[in-house]
Amino acid sequence: MKIAFILLGLFFVFMTLRVNARELTRDESLSLIPWNNTQKVKTFMEEETDIRALSFIDRLAFGALRGSCLPLTEHIKKIDGEANDYPDQSKNLFQLYALCSEGTMNLTRLYIKTKKPE
């Protein structure tokens, strides 16, 4: 019974915090339209790249490139937690998305490097 009250209390606390959170603006949302597809490609490249076939330098690059979208996801989380008067972040999101997509393209190059010609 105590657990149910605790869970119910936490639910209301999280809902209260969520009500005060800021949604993405129209410009911010428009700058992130291709992000879902980029995430799918990045995930595929991370899973399908044979890391053992890469040189040491390429393995280091692979490790760094895996985190190329992390600044973007963290910034989106930060926006989501801010108040409604938080300024529009579409320019910052666009720059961070450019970094993410560049990292995804370089992951694709590493993926291609590991594939042997048939």
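Where a number appears in this text, it was derived from the coordinates with a stated rule and is not lab data. Remember, predicted model here, so these are calculated numbers, not experimental data. Don't worry about glycine lacking a Cβ; one is built from the backbone with ideal geometry, like all the others, and counts go over all protein chains shown.
Summary of computed values
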{"item": "Net charge contributed by nearby residues that have their C-beta within less than 15 Å of Glu47 (K/R +1, D/E -1)", "result": "+2"}
{"item": "Ranked list, fewest to most other Cβ atoms within 10 Å of each Cβ, for Thr114, Thr38", "result": "Thr114, Thr38"}
